[in-house]
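Asker: Structure in structure tokens, see below.
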Amino acid sequence: MSGELGRGPRFEAPRAFHPGVVQVRRGQERLLRRLEELHREAAALEAERMRVLAEYATLTDRGAVLLHPDRPVEGRAMERRSMAAEIATALRVSERSVHADVDDAETLVRELPATLEALSAGAVSRQHARKIVAQACSLPEGAARTAFEAAVLPLAETLTPARFHTTATRLRERLHPESITTRTRQAFGERSVWLEPGWDGMASLHLTTSAENAYAIEQRLDAHARALNTVDEPRTIGQLRVDVAVDMLLGGPAATLGTVPVALLVTVPALTLADSDPAVAAPDGARSAGAGGGVEQEPGTLSGYGPICPDTARRLAGLAPTFTRILTRPDTGEIVSVGRDSYRVPAAMRRRLRLEDEICRFPGCGRPASACDADHTLDWQYDGETATTNLSHLCRSHHRLKQATGWDVTQEDDRTLTWTSPLGRTSTTHPAARALLDGTRRAQETLARIRDTPPPTGPPPY
């Protein structure tokens, strides 16, 4: 919270008007504008590369029909392999990467034209476009992909790739026509462990299991590592986590440390929790409000991961204290503000804010709210209240940045934060749940338009 850090200098606004500081700021602004130009140009070039690859693939398919009229399927496959080899040798890249880029290019040109246009205009980056393509391709072709693009593209224009991926994953879940319960059951059958050799006598061990198992393991490793992180311990937290994992698997010293409780947050919609009797559950195809199904099958959310199937959410909700159960319907008597009566944030209010924010509210930061400070937007010492409309989660780094530099922030009643940089640039951040609701609304509007539009006639445009 504001004023509790006690480290680092406090920003003195009058110094920002010193002639030397003004000159520095002007130079920074000029360089920042140039970086923005280069960013847009790089995105536009990437969009053009996608168009060229898609056109190359179309020409290759035409050639395959002429070269192999008696074997169309096999002929197309061979000509595409030849195409990938041709491009790979010319550009000195791998054939595998060429195949992947061609797949992305064709998806963008044929099914996600708005994303391609945004990339061409520099509104989104190649990383954003890749994530949109990857998530869209996990949905059935047609209306679901179109609705997904409409839902997530505005978010791609405002969020970092990592944060965008998290929100897009949740929106994808809402638009997927197949039950997450069915998909989870199928995916769990593919759990595995595999070894990847590394350099200098090292190797990586990968474990693929259910999200709740993986996150519980990670939390347990972290808890043990922090318990061992004494003043005279030379190892870093990361090294300790690895050593604890090795000990536990091989029966070393850490295997005798005993049980360390973990605390994962599981958000469970109230009706999903109530619907614990399989006999009254909605059919497998029933979907959430975003796709026209029953709300009792709304997925739960594992904090830090994303959607989990209703059955898993209900099961985890009964495993307290390992998992903390949170209902999405607010209980009556919820604490909203204690005004100036208390500087410290009451536990109930902190839990609510942590669930709403999910991450640090500084633009682009993805640090979990559970590892952040609950900061008074208007400092307590300047008459700021301990209220939900004056509190937000900031990681320690950005909390210090707010205190010790020229970054300024204001908060609206809906908890929107507007950040102003030392160069006068503004950025806004919203509680994570807002993006999900806005994206779902855009998807619903797009699906409604598609239902009201007659199917096209004539051959496809490719």
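The values are calculated or read from the model by the stated rules, or taken from the named source; none is laboratory data. What you are looking at is a predicted structure, and each value in this text was computed from that prediction instead of being measured. Glycine gets a Cβ as well: all are built from the backbone with ideal geometry, and neighbour counts include every protein chain shown. We work out accessible area using only protein heavy atoms, side chains counted, and drop any ligands, DNA or RNA first. Shrake-Rupley method; radii C 1.70, N 1.55, O 1.52, S 1.80 Å.
Asker: With r defined as the distance between the Cβ atoms of Glu37 and Thr230 and R0 fixed at 56 Å, what FRET efficiency is calculated, to the nearest 0.05?
Answerer: 0.65
Asker: Going by a ≥ b ≥ c, the root eigenvalues of the Cα gyration tensor, does the range 47-135 fall in the rounded group (a/c under 1.5), the prolate group (a/b larger than b/c) or the oblate group?
Answerer: It is prolate, given that a/c is not under 1.5 and a/b is the larger ratio.
Asker: Moving on. Once the Cβ-Cβ distance between Arg434 and Ser397 is put in as r, and R0 is 30 Å, what FRET efficiency do you end up with, to the nearest 0.05?
Answerer: Approximately 0.80, to the nearest 0.05.
Asker: Follow-up question, since we're still on this one. Using only protein heavy atoms and a 1.4 Å probe, report how much of Glu106 is accessible, in Å² to the nearest 10.
Answerer: Glu106 has an accessible surface of roughly 20 Å² with all protein chains in place.
Asker: Follow-up. Can you give me the % of accessible surface on the range 18-75 that is carbon or sulfur? Probe 1.4 Å, all protein chains present, nothing else counted.
Answerer: Summing carbon and sulfur atoms, their accessible area is 63 percent of the total for the range 18-75.
Asker: Contour minus end-to-end for Leu250 and Ala404, with contour as 0.36 nm per residue of separation and end-to-end as the Cα-Cα distance?
Answerer: Gain on stretching Leu250 to Ala404: 50.7 nm.
Asker: Quick one: net charge around Glu29, please, counting Lys, Arg +1 and Asp, Glu -1 for every other residue with C-beta under 15 Å from its C-beta.
Answerer: Summing Lys/Arg as +1 and Asp/Glu as -1 gives +4.
Asker: Cβ neighbours within 10 Å, averaged per peptide: list 219-232, 43-56 in order, most packed at the top.
Answerer: Those peptides, ordered most packed to least, come out 43-56, 219-232.
Asker: Looking at the range 186-222, which GluC sites (Glu not before Pro) are DSSP coil and have at most 12 other C-beta atoms within 10 Å of their C-beta?
Answerer: Here the GluC sites (Glu not before Pro) that fit, given the DSSP loop and packing criteria, are Glu190.
Asker: For the range 366-441, with the dipole built from +1 on Lys and Arg beta-carbon atoms and -1 on Asp and Glu ones, taken about the Cα centre, which of Cys395, Trp380, Val409 lies farthest toward the positive end?
Answerer: Towards the positive end, the residue furthest out is Cys395.
Asker: Follow-up question, since we're still on this one. About the Cα centre, and with charges only on the beta carbon of Lys, Arg (+1) and Asp, Glu (-1), how big is the dipole of the range 359-422? Nearest 20 debye, please.
Answerer: Rounded to the nearest 20 debye, it is 440 debye.
Asker: Pop a pseudo-label 7 angstrom from the Cα along the beta-carbon direction at both Arg425 and Glu445 and give the gap in nm to one decimal.
Answerer: It is 2.8 nm.
Asker: Counting other C-beta atoms within 10 Å, and keeping those with at most 16, which DSSP coil chymotrypsin sites (Phe, Trp or Tyr not before Pro) do you find in the range 160-200?
Answerer: Sparse-neighbourhood loop chymotrypsin sites (Phe, Trp or Tyr not before Pro): Trp199.
Asker: I'd like the accessible area for Glu79: 1.4 Å probe, protein heavy atoms, all chains in place, Å² to the nearest 10.
Answerer: Counting only protein heavy atoms, Glu79 exposes about 40 Å² to solvent.
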